[in-house]
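**Q** The structure is given below, and queries will be raised subsequently.
The values are calculated or read from the model by the stated rules, or taken from the named source; none is laboratory data. All figures in this text were calculated on a predicted structure; none of them were measured in a lab. Cβ atoms come from the backbone with ideal geometry, glycine included; neighbour counts cover every protein chain shown.
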Amino acid sequence: MFIVLEGIDGCGKSTQSKLLSKWLKEHGKDVVLTAEPTKNEIGKFIREVLAGNHEVDAKTLALLFTADRYEHLKTLVEPALKEGKIVVSERYYYSTIAYQEAQGVERRWLIEMNKFARKPDITIVLDVDPKLGAGRTTTQEIFEKEEFLTKVRDNYMKFDEDLFKIDGEQSKEDVFSDITEIVLKRLKL
């Protein structure tokens, strides 16, 4: 099973991904916790761009994220799934579409470019007010500004796929309870 947690910066994805992975392991599941951008060379360069150390245009950044995703799927996600493991990923192609569209890249082009990527079994979007998300961030990355995150949030809300949207402004425990309720419906524990 492939589970993805999505949302704007500061929505609680990292916290909830770790909690979910731990919970699944406690229920006897073999779990791989991962994130995009990855820790491979492409992902490291993306993190440098996000930190403001390098400048690339929005389409180039979208292509970098997509190349990183291809490698991520090929080297980690697909092999783990073939071994029967559960993969929990913090971010996936929805992020590329939401963020780079907010930078002005055409949504159709972004969707088309990511057609190779397998559809997750469960995708959960943690929805928070962009002001709250921006206030929670600590890394000072280039996208962590309220005005930009407002565009990103709007782009997440445009997805008409089978996404589960959770109120990320609830307590950490209530958000986790909502996540586990969704996962339990799809997974036999």
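**Q** Looking at (1) within 12 Å of the chain's Cα centre (by Cα); (2) farther than 30 Å from Ser177 by Cβ; (3) not hydrophobic (A, V, I, L, M, F, W, C), can you tell me which one Pro37 breaks?
**A** (2)
**Q** Another question about this same structure. Here is a list: Gln170, Gln100. Which entry is polar (S, T, N, Q) and buried (at least 16 other Cβ atoms within 10 Å of the Cβ)?
**A** Checking each option against the conditions leaves just Gln100.
**Q** Restricting attention to the range 29-57, report how many residues are out of contact with any Pro (no Cβ under 8 Å at 6 or more places or on another chain), at pLDDT 95 or above and small (Gly, Ala, Ser).
**A** Number of matching residues: 1.
Yes/no matrix, rows are residues, columns are (1) surrounded by 13 or more Cβ atoms within 10 Å (Cβ to Cβ); (2) in a helix (DSSP H, G or I):
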site	(1), (2)
Ser17	yes, yes
Lys25	yes, yes
Thr34	yes, no
Thr38	yes, no
Phe45	yes, yes
Val49	yes, yes
Asn53	no, no
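**Q** Which ones in the range 55-72 are surrounded by fewer than 20 Cβ atoms within 10 Å (Cβ to Cβ) and either part of a loop (DSSP other than H, G, I, E, B) or not polar (S, T, N, Q) (or both)?
**A** Glu55, Val56, Asp57, Ala58, Lys59, Leu63, Leu64, Ala67, Tyr70, Glu71
**Q** For the range 80-189, list the strands (runs of 3 or more DSSP E) that sit wholly inside it and hold at least 2 residues that are in contact with a Phe, Trp or Tyr (Cβ under 6 Å, 6 or more places away or on another chain) and over 15 Å from Thr66 (Cα atoms); which are they?
**A** 122-127
**Q** How many residues are of a type in the set (Gly, Ala, Ser), closer than 19 Å to Tyr92 by Cα and at pLDDT below 80 when one looks only at the range 129-174?
**A** Number of matching residues: 0.
**Q** Follow-up question, since we're still on this one. In this structure, is Glu181 touching a residue at least 40 places away in the same chain (Cβ under 8 Å) and not hydroxyl-bearing (Ser, Thr, Tyr)?
**A** No; evaluated as a whole, the condition is false for this residue.
**Q** Sticking with this one: Out of (1) in contact (Cβ under 8 Å) with a residue 60 or more places away in the chain; (2) surrounded by fewer than 15 Cβ atoms within 10 Å (Cβ to Cβ), what's the single condition that is false for Val152?
**A** Against the list (1) in contact (Cβ under 8 Å) with a residue 60 or more places away in the chain; (2) surrounded by fewer than 15 Cβ atoms within 10 Å (Cβ to Cβ), Val152 comes up short only on (2).
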